[in-house]
Structures are given as structure tokens and as C-alpha cells.
Amino acid sequence: MTPPAGPRLKRYYTPAEVGEILDLGLTTIYELIHRGEIPAIRGGRQYRIPIDKFHKWEAESAVGDLDAAL
């Protein structure tokens, strides 16, 4: 069976996209990924953040308090 025609749903954000969403710099996003605070998947030298897990993390965490944690 072939998949239905139409646009593919986006499943991952890039670190740059997450930085724009959170209004944080790319270096800060990578620090949060390395500390395990933002859920991410590494493929080779690139990181991808699953959209569903990111939004779950965003809802559960105090994103407004990130600056205090850094």
C-alpha cells in the first residue's frame, strides 16, 4: 500500500528553529541539548528535536525561568 498523496507532516525541529521559538541563542539551545534538558536525537553531527516531545517538554518546564537556570 502506498502512502496517501500530499505534503508530509514535519516531525522534527532543528536547534535553530527551537531557538527562534524560545527566543534563545543557538549556543544556549546546544547547551540545553547537551545537558539533556531539551529532548533531542543526534544523527551524525546534527541534532533534531522531535516536535511532539519538544512541546511536551515546553508545557511541563518553566521555560520562562531558563535564564535563571543558566
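The values are calculated or read from the model by the stated rules, or taken from the named source; none is laboratory data. Computed from a prediction, not measured in an experiment: that's the story for all the values here. Cβ atoms come from the backbone with ideal geometry, glycine included; neighbour counts cover every protein chain shown. Heavy atoms of the whole protein, side chains included, go into the accessibility calculation; ligands, DNA and RNA do not. Shrake-Rupley method; radii C 1.70, N 1.55, O 1.52, S 1.80 Å.
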| Which residue pairs have Cβ atoms under 9 Å apart, sit 6 or more places apart or on different chains, and have a first residue in the range 29-52 that is more than 13 Å from Gly19 (Cβ to Cβ) and of a type in the set (Phe, Trp, Tyr) and a second that is open to solvent by less than 30 Å² (accessible area, probe 1.4 Å) and modelled with pLDDT of 95 or more? | none
| query | List pairs: first in the range 53-64 and over 18 Å from Tyr12 (Cβ atoms) and among the hydrophobic types (A, V, I, L, M, F, W, C), second part of a helix (DSSP H, G or I) and at pLDDT 85 or above, Cβ under 9 Å, 6+ apart or cross-chain? | reply | Val63/Leu22; Val63/Trp57
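Which is exposed (fewer than 15 other Cβ atoms within 10 Å of the Cβ) and either among the hydroxyl-bearing types (Ser, Thr, Tyr) or assigned to a helix (DSSP H, G or I) (or both), of Glu17, Glu31?
Numbers: Glu17 fails: exposed (fewer than 15 other Cβ atoms within 10 Å of the Cβ).
Criteria check complete, one pass: Glu31.
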